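Structure first, commentary second.
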Amino acid sequence: MPIQATQHIWHNGQLIPWEKANIHVMSHVVHYGSSVFEGIRCYAQPEGAGVFRLPEHMARLVDSARIYRMPLAYTADELSTAVVDVIEANGVAPCYIRPIAFRGYGEIGVNPLKSPVEVYIANFPWGKYVPGNAGADVCVSSWNRLAPNTMPSLAKAGANYMNSQLIRMEAEINGYDEGIGLDVNGYLSEGSGENLFVVRGDVLYTTPLANSVLNGITRSSILQLARQLGITVVEQALPREMLYICDEAFFTGTAAEVTHLRSVDRILIGDGTMGPITSALHKAFFDIVNGLAPDRFNWLTPVNVKVPEPVGV
Ligand SMILES: Cc1ncc(COP(=O)(O)O)c(C=O)c1O
């Protein structure tokens, strides 16, 4: 989907024009992938707009930077304020927010420590990520996810997404909406940009952090909602074939939100429609983010942007 430009981007503490947010081709990040980033959604609410789990996203950005010994000149709180500032300056909500920190123009060579750290925050409109309202048709990828002690999967680093790109390209070229990566031992890990949940009987399963998954913020929100709804939740290593015998399966992620899976490797999941546990969680999630239910977990940070009236309602 083409990026829709907005007016301003936040750069190292200042708002600059969108078209001035450029970097030199010799920046460290271009050559060695030295970036960490976040993806956050801001939802329309009846009284305005709210950013979903902003402090948690910024805490993860700070963690990612720490793993890569990348000093950030801003605290998580300061970065959260910057997100609100850039959304309000652009007046664009609902929207997707992309904070990124990377090693800029400094030295050549793999060691990043002498290249400066640049921080940018952009926001822009962005709709559905995994195609197919009727549910996604996915495959198990021939590519594995990152092996432990190679690329740390708890860091949301740009370089991790080279692996994601291989999974996603293979899936789309073969006619699927998305691919699921196995971990290095052949257990289920996650989608190229989503965490994975399966339901069998009345139990909700998801893969634990040790199976090379990102510590997804939507994942943790769904786990919290499931526990509150009295659904039994199990985080454990899952064999691939669980996907072929489960009753329901879905992805979670900031971009994917809660997307149910219709089939895996052309094997239909249940009857292909969104099953009851997925539906309950989908509804509970969207009720909160759309402001139809109280924000009982304090997940939304308000932003002062006038949201356009929905058309045809
Ligand atoms: C590889 C990967 N796994 C999982 C997720 C879901 O994480 P979150 O819910 O925090 O967006 C994402 C998206 O950020 C991702 O890129």
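Restricting attention to region 185-197, does a residue exist that is touching a residue at least 40 places away in the same chain (Cβ under 8 Å), farther than 27 Å from A157 by Cα and buried (at least 21 other Cβ atoms within 10 Å of the Cβ)? No, the conditions are met nowhere in region 185-197. Name the single residue that is surrounded by the fewest Cβ atoms within 10 Å (Cβ to Cβ) among those in region 134-150 being more than 19 Å from L261 (Cβ to Cβ) and either of a type in the set (G, A, S) or away from the ligand (no atom under 11 Å from the Cβ) (or both). My answer is N149. Would you confirm whether any residue within region 24-43 is outside any loop (DSSP other than H, G, I, E, B), over 23 Å from the mean Cα position of the chain (by Cα) and surrounded by 15 or more Cβ atoms within 10 Å (Cβ to Cβ)? Within region 24-43, one or more residues are outside any loop (DSSP other than H, G, I, E, B), over 23 Å from the mean Cα position of the chain (by Cα) and surrounded by 15 or more Cβ atoms within 10 Å (Cβ to Cβ). The set of residues in region 191-207 that are more than 6 Å from the ligand (Cβ to nearest atom) and closer than 22 Å to D287 by Cβ comprises F197, V199, D202, L204, T206.
For F297, the requirement of being within 16 Å of the ligand (Cβ to nearest atom), exposed (fewer than 13 other Cβ atoms within 10 Å of the Cβ) and of a type in the set (F, W, Y) is met. Going residue by residue through region 217-232, is there one that turns out to be within 16 Å of the ligand (Cβ to nearest atom) and without any contact (Cβ under 8 Å) to a residue 40 or more places away in the chain? Yes; the residues of region 217-232 include at least one that is within 16 Å of the ligand (Cβ to nearest atom) and without any contact (Cβ under 8 Å) to a residue 40 or more places away in the chain. Exactly one residue out of V258, V233, V264 is at pLDDT 95 or above and touching a Ser or Thr at 6+ places or on another chain (Cβ under 7 Å): that is V258.
Among the residues of region 239-266, those identified as more than 16 Å from the ligand (Cβ to nearest atom), touching a residue at least 24 places away in the same chain (Cβ under 8 Å) and not hydroxyl-bearing (S, T, Y) are P239, R240, M242, L243, I245, C246, D247, E248, R262, V264, D265, R266. Every condition in (1) within 16 Å of the ligand (Cβ to nearest atom); (2) closer than 23 Å to R41 by Cβ; (3) among the aliphatic types (A, V, I, L, M); (4) surrounded by fewer than 18 Cβ atoms within 10 Å (Cβ to Cβ) is met by A210 except one, and the failing one is (2). Tell me, yes or no, whether region 59-74 has at least one residue that is crowded, with 16+ Cβ neighbours inside 10 Å, more than 23 Å from the chain's Cα centre (by Cα) and either at pLDDT below 95 or small (G, A, S) (or both). Scanning region 59-74 turns up no residue that is crowded, with 16+ Cβ neighbours inside 10 Å, more than 23 Å from the chain's Cα centre (by Cα) and either at pLDDT below 95 or small (G, A, S) (or both).
So that you can scan it fast, the table gives a plain yes or no per residue for (1) modelled with pLDDT of 95 or more; (2) surrounded by fewer than 18 Cβ atoms within 10 Å (Cβ to Cβ); (3) within 19 Å of the chain's Cα centre (by Cα):
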{"site": "A82", "(1), (2), (3)": "yes, no, no"}
{"site": "C95", "(1), (2), (3)": "yes, no, yes"}
{"site": "A101", "(1), (2), (3)": "yes, no, yes"}
{"site": "N111", "(1), (2), (3)": "yes, yes, no"}
{"site": "P125", "(1), (2), (3)": "no, yes, yes"}
{"site": "Y129", "(1), (2), (3)": "no, no, yes"}
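Taken together, the residues in region 204-213 that are at negative phi and either part of a strand (DSSP E or B) or among the hydroxyl-bearing types (S, T, Y) (or both) amount to 4. Among the residues making up region 177-203, those that are more than 19 Å from L146 (Cα to Cα) and outside any strand (DSSP E or B) are D177, G201, D202.
The values are calculated or read from the model by the stated rules, or taken from the named source; none is laboratory data. Owing to the predicted nature of the structure, the values given are computational and were not obtained by experimental measurement. All Cβ positions, glycine included, derive from the backbone under ideal geometry; neighbour counts span all protein chains shown.
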